[in-house]
Amino acid sequence: MELYAKGDTRAFETLYGLYSEKMYYFFLRSLNYNHDIAGDFLQELFLKVIEQKSNFDPAGSFQSWIYRIASNMLKNEYRRKSVRATVLPADEKVQLPADPDEKIFAVRLMEELDRMGEGHREVFILRFRQELKIKEVAEVMGISEGTVKSRLFHIIKKLSVNLSEFNPGVEK
């Protein structure tokens, strides 16, 4: 990012190559698997990277910085349009795993995460779907590592109860 900020366009191409797919799937999962909207968000994200290149702090992590921008974009969208209720038209198919049990689980998991609220859902997606470290999740969301750990504990506890039908050894 430092090289790009100094005018090296090949550095931007490298960043795009490294992060475009990750960020696309981050948006896709956060926007209920709507490919068109996720693609739009991805384009907007990299426009913001271009526009805000002077705001990048070289002492920090580029990954945390780009996820923070993406996270803020999603928060703004949720506030503006209540995306959760409108992002997936009724006639659009959700692309989920081929195994019927995995499909059912994926749908139920997203339903449960939606019920938990924006902050909890985002912590879960960043930690388990994007595989960020707890420290990185904290940086992206602008919260303490302790808050991330606490949210993860409560998320996992709640999911283990609410999704117990997928784990016969756990009772409600």
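The values are calculated or read from the model by the stated rules, or taken from the named source; none is laboratory data. What you see is a predicted model; the values in this text were computed from it and never measured. So basically every Cβ, Gly included, is an ideal-geometry build from the backbone, and we count neighbours across all protein chains shown. The accessibility values were calculated without ligands, DNA or RNA, using every heavy atom of the protein model including side chains. Shrake-Rupley method; radii C 1.70, N 1.55, O 1.52, S 1.80 Å.
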**Complete:** So the pair-distance distribution of the range 112-172, from every Cα-Cα distance in 10 Å bins, comes to percents of 23, 50, 23, 5
**Request:** Add +1 for every Lys or Arg and -1 for every Asp or Glu among the other residues with Cβ under 11 Å from the Cβ of Lys133, and state the total.
**Result:** -2
**Message:** Quick check for you: with a 1.4 Å probe and neighbouring chains kept, what is the accessible area per residue of the range 16-55, in Å²?
**Reply:** 52
**Asked** Ile156 accessible area, nearest 10 Å², 1.4 Å probe?
**Response** 90
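Provide the net charge surrounding Gly119, with neighbours chosen by a C-beta distance below 11 Å and charges set as Lys +1, Arg +1, Asp -1, Glu -1.
Values: positive: Lys75, Arg121, Arg151; negative: Glu118, Glu122.
Result for the local shell: +1.
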**Message:** Just the number: Rg to Rh for the range 17-63, Cα atoms, Kirkwood Rh, two decimals.
**Reply:** 1.03
**Request:** Can you send over the carbon and sulfur percentage of the accessible area for the range 1-58, probe radius 1.4 Å, protein chains only?
**Result:** 49
**Item:** Surface accessible to a 1.4 Å probe, Ser71 within the full protein complex, Å²
**Value:** 0
**Prompt:** Which distance in nm do the two modelled labels at Asp36 and Glu145 give, with both placed 7 Å along the Cα-to-Cβ direction?
**Reply:** 4.3
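Looking at this model, which pairs from Lys6/Lys75; Lys53/Lys158; Lys135/Lys157; Lys48/Lys157; Lys6/Lys133; Lys22/Lys149 are more than 32 angstrom apart at the alpha-carbon?
Values: Lys6/Lys75 30 Å; Lys53/Lys158 40 Å; Lys135/Lys157 21 Å; Lys48/Lys157 36 Å; Lys6/Lys133 29 Å; Lys22/Lys149 23 Å.
As for pairs spanning more than 32 Å Cα to Cα, those are Lys53/Lys158; Lys48/Lys157.
Order these peptides, 144-154, 59-69, 4-14, by their mean beta-carbon neighbour count within 10 angstrom, highest first. Walk me through the numbers before you get to the answer.
Details: 144-154: 14.7, 59-69: 17.1, 4-14: 12.8.
Top to bottom by mean Cβ count within 10 Å: 59-69, 144-154, 4-14.
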